[in-house]
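Visitor: The following block contains the structure, expressed as structure tokens.
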Amino acid sequence: MNATSRGSSTEKIPLPSIPRQATFFATGVLAGAASLPVETAFLSLAQKHDYTASIRHLRSSFAPVLARTGVRFLSFDHVRTYSSHFLQLPTVLCGALGGAAGGLNEVILHSLVSNRRLPPLQAAASQSGKLFLCFGTYTYLSTTLSRELPPRPFWKCWLMGATAGSVGSAVTAAVEGARGRSLMMATLRGSLVIGTVISVQVTTCAAGLRALNE
């Protein structure tokens, strides 16, 4: 009886397959690559066209950004799958928790690789909290305002991601004490960068999963 229950439970609650995990990681890396030119252009304008500093930022952040966004979306899918099937949580909360886990894991991985120690609690909490809000907001918008997932056309998906990025970034920056121009710049940066990351990842991942019949 118990063995049968465990078997049926396993069939009812499948874990992500290896091809699915690879797709989420690879499209996360692609999304990170797509966001780098956007962030570099933003920093150049914010620093009054200091192109040299912007290029240095691009070079130094290239590998870390790709690794972090790959881990972010891989973690997102694992936690979303677990929370939706095992805990049967609402869709928006599943998305938010997936984002929080992705933010936490990417910060931990980056700190362990670059500094060989765990990150400061504030840094981990900040990124995790921001992505909780960003991914939760995007999940709400995409499931409420669109009849298909990911939302089409691409610009519509990007606008939803940009809105989610501005919400998460603004709230996080405000909690951390940003005001005035600093708050505005943090909000704009989050809107542009996170909007690009989310929209590129969800559209390319959906295409990849369709090709895999996942």
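What follows is calculated from the coordinates using simple rules that are stated; it is not laboratory data. This is a predicted model, so every value here is computed, not measured.
Visitor: So what's the gap between the Cα centers of region 183-214 and region 115-155, to the nearest angstrom?
Guide: Cα centres, region 183-214 to region 115-155: 9 Å.
Visitor: With P(r) over Cα pairs in 5 Å bins from 0, in percent in mind, check (i) 1, 7, 13, 19, 21, 17, 10, 6, 3, 2, 1, 0, 0, 0; (ii) 1, 6, 11, 13, 15, 14, 12, 10, 7, 5, 3, 2, 0, 0; (iii) 1, 7, 14, 17, 14, 11, 10, 8, 6, 5, 3, 2, 1, 1, 1, 0, 0, 0 and report the label derived from this structure.
Guide: Working out P(r) over Cα pairs in 5 Å bins from 0, in percent from the coordinates points to (i).
Visitor: Helix-only mean residue ellipticity at 222 nm, the chain, DSSP H runs n ≥ 4 weighted -39,500 (n - 2.57), per residue, nearest 500. What is it?
Guide: -29500 deg cm²/dmol
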